[in-house]
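Written out below as structure tokens is the structure these notes cover.
Read the figures in this text as sums done on the coordinates, not as results from a lab. Being a predicted model, the structure only gives us computed values, none of them experimental. Cβ atoms come from the backbone with ideal geometry, glycine included; neighbour counts cover every protein chain shown.
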Amino acid sequence: MNRREFLYTTATGTALFVLPAFATRSSSILTRSIPSTIEKIPCVGMGTWITFDVSENESNINHRAEILKRFFANGGGMIDSSPMYGSAQAVLGKCFLQLTPPESLFSATKVWTPGEWLGIQQMEASQKLWGLNQIDLMQIHNLLDWKVHLRTLRDWKESGRIRYLGVTTSHGRRHEELIKIMQTEPLDFVQFTYNITHTEAEKILLPLAADKGIAVIINRPFDGGRLFNKIENKSLPDWSKEFDCNNWAQFFLKFILSNPAVTVAIPATSKTEHMDENMGALRGALPDASRRKQMQEYYLSV
């Protein structure tokens with residue numbers, strides 16, 4: 001067991017000794033194992049699309065650093081980014097100059113360019129922007145030139161330049177191709193969209209990932225924020241207290257995390273109070289199958 005795994009499994013007192021700056025409020029957070037290893041990661045991570053794609057002035061950097069502090073203090077681990085997300089990686093790197101990222105950080109980014117040489121250049125640039133000696137997870141963004149990049153990622157993983165490799169899709173696109181890749185290629189992670197109104201992944205993708213032993217990252221858990229439009233000024237149902245749900249963000253995230261094939265969901269936010277709400281989904285009970293069905297019916301009816 002390495003120090004990262006130790007942090008996820010120790011009691012609160014020990015964790016405070018190991019990492020006082022970012023100790024979690026409680027040791028009882030929801031984690032899941034990465035199937036290809038024994039390593040566990042917290043089930044709520046953080047996306048950076050749009051929210052960290054900001055100008056690199058002092059005010060923006062300071063505010064995003066506060067977001068990261070809340071994320072880690074609440075037990076967060078995975079941060080997902082991409083060269084596609086404008087300045088997000090550069091902003092992350094500047095934030096990490098202000099706060100030393102804790103051992104719980106699980107860095108995840110992507111390659112998003114055609115060609116082997118360009119892909120290598122882009123991945124090396126990403127690592128420099130993050131300011132890290134090693135990226136935990138490198139993914140092929142939206143399957144772009146995936147056959148070429150997958151060869152590079154295997155070489156990088158074998159040499160220790162990355163720890164895990166994976167592929168991603170978004171907005172429900174290219175699922176047929178993704179399924180074929182999952183069926184034929186050894187992957188550590190796969191990333192796709194799944195939320196309370198977009199449940200297509202339940203048919204094939206999630207069962208296939210469970211069968212093949214592939215960790216699952218869920219993007220767009222709030223459907224780009226649109227899920228909140230429908231329930232504006234609406235109250236949570238009383239029965240949501242049964243699974244320790246305190247706000248709509250947790251309602252949506254706990255629906256996702258209650259599917260055992262899901263490893264981590266990566267909501268994005270630029271507000272500290274919303275970060276606290278999101279990370280609350282790491283604690284308490286999860287809905288069972290009957291409640292999951294009720295959650296969907298209730299949301300569609302409001």
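Among the listed pairs Lys40/Lys254; Lys40/Lys94; Lys203/Lys234; Lys254/Lys293, those with a Cα-Cα distance over 24 Å are Lys40/Lys94; Lys203/Lys234. Restricting attention to the chain, close to 15% of DSSP beta bridges with both partner residues there are antiparallel. Panel order for Asp288, Asp188, Asp244, Asp80, by other beta carbons found within 10 Å of each beta carbon, from fewest to most: Asp288, Asp244, Asp188, Asp80.
Remark: Asp136, Asp53 ranked as Asp53, Asp136, counting other beta-carbon atoms within 10 Å and listing the fewest first.
Counting neighbouring Cβ atoms within 10 Å and putting the fewest first, the residues Val111, Val148 line up as Val148, Val111. Assuming charge only on the beta carbon of Lys and Arg (+1) and of Asp and Glu (-1), the dipole of the chain about its Cα centre is about 160 debye to the nearest 20.
Phi-derived couplings, Karplus 6.51 cos²θ - 1.76 cosθ + 1.60 at θ = phi - 60°, listed residue by residue for segment 68-73: 5, 4, 5, 4, 5, 5 Hz, with x used for Gly and Pro.
Take every Cα pair under 8 Å whose residues are at least 6 apart in sequence, average their separation, divide by the length of the chain, and the relative contact order is 19 percent.
Ordering Ile256, Phe243, Phe189 by the projection of their Cα atoms onto the charge dipole of segment 170-302, which places +1 on the Cβ of Lys and Arg and -1 on the Cβ of Asp and Glu, puts Ile256 at the extreme positive end. Relative to the compact-globule estimate of 2.2 N^0.38 Å, the Cα radius of gyration of the chain comes out at 0.96.
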